[in-house]
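The values are calculated or read from the model by the stated rules, or taken from the named source; none is laboratory data. All of these numbers come straight from a predicted model, not from anything done at the bench. Virtual Cβ from ideal backbone geometry, glycine too; neighbours counted across all protein chains shown. Areas reflect the complete protein model, heavy atoms only, side chains present, ligands, DNA and RNA absent. Shrake-Rupley method; radii C 1.70, N 1.55, O 1.52, S 1.80 Å.
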Amino acid sequence: MPEDSLTATVHGATGDIPAATWNALLPSTAGRPDNPFLDHAFFLALEESGSATRRTGWQPQHIVLADGRGTAVGLMPLYLKSHSQGEYVFDHGWADAFGRAGGRYYPKLQSSIPFTPVTAPKLLARGGDPAVRRALLESAATLAGQNGISSVHATFVPADEEAMAREAGWLVRHDVQFHWHNQGFGSFEDFLATLSSRHRKLMRRERREALAGGLTVKWLSGGELSEAAWDAFFAFYMDTGSRKWGRPYLTRDFFSLLSAAMAERVLLMLAYDGDTPIAGTLSLIGTDTLYGRYWGATRHVPFLHFELCYYQAIDYAIAHGLGTVEAGAQGEHKLARGYAPATTRSVHWIGHPGLRHAVANFVEQERAAVRHEQEALADLTPFRKAAGSRS
């Protein structure tokens with residue numbers, strides 16, 4: 001499709017774009033988006049709950065591309081940001097340096113899933129049309145340039161979008177997360193059999209101690225989700241969020257809206273002492289991936305965090321035939337629990353030549369450091385070594 005035959009429209013709210021139009025542009029299986037975070041309902045819940053709005057510094061500027069017949073053929077989720085919170089790819093140093101040099105870094109344009117460090121495509125085109133995807137990149141840069149906006153950032157993009165953006169002159173950053181991969185395991189014990197004896201003993205001990213004293217874990221999804229369960233989880237979320245971020249990003253309404261719209265894609269794992277929930281974690285269920293997101297507790301229990309966030313997630317993935325568990329941002333402690341290092345990617349368009357030059361030098365050095373870090377981490381995985389080595 002010729003790129004000059006496309007028309008770009010900027011939408012100030014997810015609700016201005018019909019759900020059917022939005023979701024038709026997503027990679028899907030059996031009519032359901034492969035990545036639940038890309039679903040129109042997820043973005044709508046963020047905005048209608050007051051979590052991601054202009055007031056909170058996330059002003060929607062979603063770009064939709066239409067062909068000559070007016071049919072939507074491309075989508076780039078996009079926000080005008082007045083800060084760099086809730087992104088998990090940190091550019092505060094860039095903003096500070098540009099400000100000291102007399103520049104104005106904010107507002108900036110951010111293509112991301114708010115508050116969600118999950119790799120997912122941001123250049124969404126019917127059939128994956130490369131011409132449409134290139135036009136989305138160009139449209140975002142043009143929108144910034146025409147409005148005097150310093151920069152455009154697309155975070156947690158897949159490798160093919162990194163390559164496309166690099167070719168268009170965007171700068172590239174890398175970082176590391178930790179993901180668990182299912183090798184066709186039939187049980188958690190099958191997974192343990194792939195580990196060194198020391199790590200098998202570690203995990204078994206942590207699992208025993210986490211649930212000592214009669215604690216139980218329940219998996220809640222679909223019709224099992226209740227407002228009482230969400231009330232309990234929100235208390236856990238607020239406790240963790242207040243300590244980590246100062247002010248949690250998501251409102252209580254968000255969880256009810258998410259549950260109402262996407263209950264079958266939502267998984268709550270709650271730990272109970274008798275009938276009382278004391279800790280929990282929230283995940284979303286993709287076509288082949290379980291995405292762990294939030295954790296919290298109202299009582300400290302040794303290793304309960306590992307049990308709910310990592311081991312129960314592995315149990316669920318094995319039971320439901322999912323290929324991967326993504327356990328969220330950061331956390332080298334995940335390595336010892338069977339989660340392997342994986343590269344995450346972001347791409348950045350910088351308008352000011354001086355700032356672009358400085359950032360280009362920085363990200364080149366950063367990518368090299370991340371590459372060396374990942375190589376070192378790969379040597380520390382808990383899996384059994386090749387035959388002839390000791391486990």
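Observations on the model:
- FRET efficiency estimate (nearest 0.05) - Cβ-Cβ, Leu211 to Phe383, R0 35 angstrom: 0.90
- Judged by the mean number of other Cβ atoms found within 10 Å, the most tightly packed of the peptides 154-165, 266-277 leads the ranking 154-165, 266-277.
- Aspartates and glutamates whose Cα lies under 13 Å from that of Lys108, excluding same-chain neighbours fewer than 8 positions away: Glu87, Asp91
- When region 67-213 is described by a simple charge dipole with +1 on each Lys and Arg Cβ and -1 on each Asp and Glu Cβ, the residue from Ala97, Leu75, Phe178 located farthest towards its positive end is Phe178.
- The stretch between Thr71 and Gln183, if pulled fully straight at 0.36 nm per residue, gains 36.2 nm over its current Cα-Cα span.
- Two-decimal ratio, region 314-391, of alpha-carbon radius of gyration to 2.2 N^0.38 Å: 1.56
- In the context of the full set of protein chains, region 69-191 has a per residue accessible area of 37 Å² (1.4 Å probe).
- Bridging of Lys201 to aspartates and glutamates at a Cα separation below 13 Å is possible for Glu189, Glu209, once same-chain residues fewer than 8 apart are set aside.
- Neighbour cut-off at most 11 other Cβ (10 Å), DSSP loop, chymotrypsin sites (Phe, Trp or Tyr not before Pro), region 1-104: Phe90
- Working note: Cα gyration tensor of region 132-182, eigenvalues times five, square-rooted, sorted largest first, giving semi-axes of 26, 13, 9 Å.
- Relative to the Cα centre, the charge distribution of the chain, modelled as +1 at Lys and Arg Cβ and -1 at Asp and Glu Cβ, gives a dipole magnitude of about 940 debye.
- Label sites at Arg356 and Glu138, each approximated as a point 7 angstrom past Cα along Cα to Cβ, lie 1.6 nm apart.
- Estimated 222 nm signal from helices in the chain, with DSSP H stretches of n ≥ 4 weighted -39500 (n - 2.57), rounded to 500: -10500 deg cm²/dmol
- Applying 0.36 nm per residue to the separation of Asp16 and Ser82 and subtracting their alpha-carbon distance, the gain on full extension is 21.6 nm.
- Fluctuation leader among Arg356, Arg299, Arg207 - the chain, Gaussian network, Cα springs under 10 angstrom: Arg299
- Against the main long axis of the alpha-carbon atoms of the chain, helix 197-210 sits at an angle near 90°.
- Fully extending the segment from Ala319 to Ala30 would add 101.9 nm, taking 0.36 nm per residue of separation and subtracting the current Cα-Cα distance.
- Using a Förster distance of 22 Å, the FRET efficiency for Ala97-Glu364 (Cβ separation, nearest 0.05): 0.85
- Accessible-area composition of the chain, carbon plus sulfur, in percent [1.4 Å probe]: 51 percent
- Estimated FRET transfer efficiency (Ala168, Asp275; beta-carbon r; R0 56 Å; 0.05): 0.50
- The angle separating the long axis of helix 130-146 from the principal Cα axis of greatest extent in the chain is about 70 degrees.
- With each label modelled as a point 7 angstrom along the Cα→C-beta vector, the Ser197-Glu373 pair spans 3.4 nm.
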